[in-house]
Structure formats: C-alpha cells, structure tokens
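Notes for the one structure printed next.
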Amino acid sequence: MGQTVSFKRPDGGSVQGYLAEPADPSGKPGVVVIQEWWGLNDQIRGVADRYAEQGFRALVPDLYRGRSTVEAAEAEHLMKGLDFGDAAGQDVRGAVQYLEGSGSTKVGVTGFCMGGALTLLATCFVPEVDAGVVFYGYPPLDYVDAARIKVPLMGHWALHDAPFPIAGVDALEARLRAAGVSFEFHRYDAQHAFFNETQVGERKLLPVIEYEPKSAALAWERTIGFFRRHLASA
C-alpha cells in the first residue's frame with residue numbers, strides 16, 4: 001500500500017519517509033505519523049497503512065535516517081542522539097509541508113512515545129499543523145510553550161505508564177488549560193505502548209510496556225473521529 005518518498009525540510013535538506021495513501025488520494029486530509037524510539041519499522045508502517053484505509057494520506061518521516069532496532073539500549077542511544085527541536089521544526093514540518101503541497105488541504109500530526117513528545121512540540125512550533133493526537137509521550141514540560149498551541153489536541157495516556165508517569169500528564173493538562181488550549185485527554189487502565197500490537201507476551205521488548213487491545217481500539221476510534229472532525233475540508 002505504501003511507498004518510500006523523499007521530501008524537503010524547510011532548511012532545504014532532504015528526508016525520506018513512508019507514505020501510505022488511499023486508492024484515491026486526491027484532496028484527502030493528511031496525517032504525519034511519528035515513530036516510537038525503535039525507528040521507522042514495520043509496526044509504524046502498519047499504523048500509516050491503517051490511516052490510509054480510513055481515507056487519510058499518512059507520512060512517516062524517517063527520523064533516524066534508515067536505522068531501526070529491537071534493542072532497548074540501542075533505541076535509547078538513537079533517541080538521545082536525536083535533536084528534538086530539529087526533528088520537530090525541520091523533519092516533521094517538512095513532512096507536513098509535503099502533504100499540504102501534494103494535495104492535502106489540512107494536515108494533522110500524531111506520534112507514539114518519543115513520537116508523542118514530538119507531536120506536542122510540533123503543535124507548538126509547526127505553524128502549518130491543523131490538529132494533533134499524542135499517544136503516551138511528553139517532553140520535559142518546560143519545552144511545551146502552551147501559549148503557542150493554536151490547534152485542537154487529543155491525548156491518550158496510560159494510568160500505569162512507567163516511562164511517562166500520569167502525574168506528568170496531570171501537570172501538562174494544567175498547563176494547557178491555563179493557556180486556553182482546546183484539548184481532550186483520555187486515560188486508560190493500561191501500561192505504556194498499549195497501542196503497539198507487537199508488544200505482547202514473550203514478544204515484548206521491555207517489561208514496562210504491554211499491548212492492551214480494548215484500550216487500543218477505543219483510542220483508535222477516538223483518534224479517527226477527532227481527525228475527521230478537524231481535518232475535513234471546509
């Protein structure tokens with residue numbers, strides 16, 4: 001369903017990404033999908049494919065430039081080597097601009113874990129974004145300039161999330177509310193990475209993550225409805 005494409009960053013650099021589109025992509029809304037810390041792997045390509053099946057043009061920017069891993073130590077190394085400001089302001093913004101420049105009138109951004117943190121940053125610093133959906137990830141809150149978020153935001157959070165404690169979500173919510181941001185947060189009786197269908201049983205890559213199918217299905221239903229409401233062409 002998908003293909004590898006190349007697109008330009010605002011600074012003129014080139015980035016590759018995975019693009020999945022519906023059978024008739026003309027005029028369809030776009031969604032930039034941001035990877036977990038594992039990289040651009042088959043699981044995140046599958047998420048893009050699911051968006052295409054729902055009528056969206058979905059682009060996953062390759063933030064690690066071709067690298068991916070199933071080892072937590074290497075994933076942590078790759079993530080720590082990533083310049084988050086550059087990734088949000090250049091790679092993600094370039095992906096949004098690519099979708100807008102190739103037929104999508106409106107474009108949303110979503111991401112998981114590390115990608116969730118980048119989604120929040122993108123809603124702050126990428127002016128072309130029209131909506132954002134965060135899955136269980138946030139940056140240090142001092143980096144979230146909530147006053148700059150002018151688009152609707154949805155968040156999906158796990159009550160038993162060890163990497164991103166729910167207390168941080170509460171603090172983020174207070175910051176957004178104080179700034180008058182239009183947002184809706186949903187909390188699930190689940191662990192980190194509850195949307196990632198590959199993280200089950202002996203296949204789990206970390207003990208603190210776990211796929212939870214009911215929470216995943218509900219979060220997906222809410223996300224698709226949210227993007228349809230906010231990305232539909234006028």
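A short reminder: the numbers here are calculations on the coordinates, not readings from a lab. Here the structure is a predicted model, which means the values were calculated and not measured. For neighbour counting, all protein chains shown are included, and Cβ atoms are generated from backbone atoms with ideal geometry for every residue, glycine included.
Across region 5-61, how large is the tail of the calculated P(r) beyond 14 Å, expressed as a percent of all Cα pairs? Counting every Cα pair in region 5-61, those more than 14 Å apart make up 53 percent. Check each of the GluC sites (Glu not before Pro) in region 151-227 and keep only those in coil by DSSP with at most 10 other C-beta atoms within 10 angstrom; list them in order. Qualifying residues, ordered by number: none. From the largest down, region 2-231 spans 41, 40, 32 angstrom on the principal axes of its Cα atoms.
With a Cα cut-off of under 23 Å and a minimum spacing of 8 residues unless on different chains, the lysine pairs in region 2-231 number 7.
Over the C-alpha trace of region 108-162, radius of gyration and Dmax come out as 10.5, 34 angstrom.
Where both partners of a DSSP beta bridge lie in the chain, what percent of those bridges are antiparallel, to the nearest 5? Approximately 35 percent, going by the DSSP bridge assignments.
Put in order of Cβ neighbour count within 10 Å, fewest first, the listed residues Thr4, Thr105, Thr119, Thr223 become Thr4, Thr105, Thr223, Thr119.
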